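Notes follow the structure.
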Amino acid sequence: IIKKYKKKSILRKPGIGMFKKACKIWRIDKKSSFMIGDQITDMEFAKKAKIKGYMFKGGNLLKFIKKFI
């Protein structure tokens with residue numbers, strides 16, 4: 001971790017500021033949206049954004065994604 005780059009911002013996960021901005025620009029259907037991530041902060045983001053979150057622990061990402069689409 002490089003201290004000068006570690007900044008708190010609502011635009012960084014687990015904040016949902018970037019997601020809120022995207023929702024204002026595009027018609028994002030939260031019921032159909034989901035987050036795939038490999039960190040706890042990704043799942044925290046999904047919970048705060050009120051979308052489904054799936055933890056990817058490695059392996060074939062395409063096979064993993066196909067389970068949900």
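The values are calculated or read from the model by the stated rules, or taken from the named source; none is laboratory data. Remember, it's a predicted structure, so these values are computed and weren't measured experimentally. FYI the Cβ positions are ideal-geometry reconstructions off the backbone, even for glycines, and counts take in every protein chain you see. Heavy atoms of the whole protein, side chains included, go into the accessibility calculation; ligands, DNA and RNA do not. Shrake-Rupley method; radii C 1.70, N 1.55, O 1.52, S 1.80 Å.
So here's what we get for this one:
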read-out: Criterion (in contact with a Gly (Cβ under 6 Å, 6 or more places away or on another chain) and modelled with pLDDT of 95 or more) met by exactly one of Met43, Met55; value: Met43
read-out: Checklist (1) in contact with a strand residue (DSSP E or B) (Cβ under 7 Å, 6 or more places away or on another chain); (2) exposed (fewer than 15 other Cβ atoms within 10 Å of the Cβ); (3) acidic (Asp, Glu) applied to Asp42, failing item; value: (2)
read-out: The stretch 7-32: number of residues that are among the hydroxyl-bearing types (Ser, Thr, Tyr) and in contact with a Phe, Trp or Tyr (Cβ under 9 Å, 6 or more places away or on another chain); value: 0
read-out: Residue that is farthest from Ile10 (Cα to Cα), among those in the stretch 45-57 that are of a type outside the set (Phe, Trp, Tyr), open to solvent by less than 50 Å² (accessible area, probe 1.4 Å) and touching a helix residue (DSSP H, G or I) at 6+ places or on another chain (Cβ under 7 Å); value: Gly53
read-out: Within the stretch 1-39, considering residues that are of a type in the set (Ser, Thr, Tyr) and either more than 29 Å from Lys66 (Cβ to Cβ) or open to solvent by 60 Å² or more (accessible area, probe 1.4 Å) (or both), the one farthest from the chain's Cα centre (by Cα); value: Tyr5
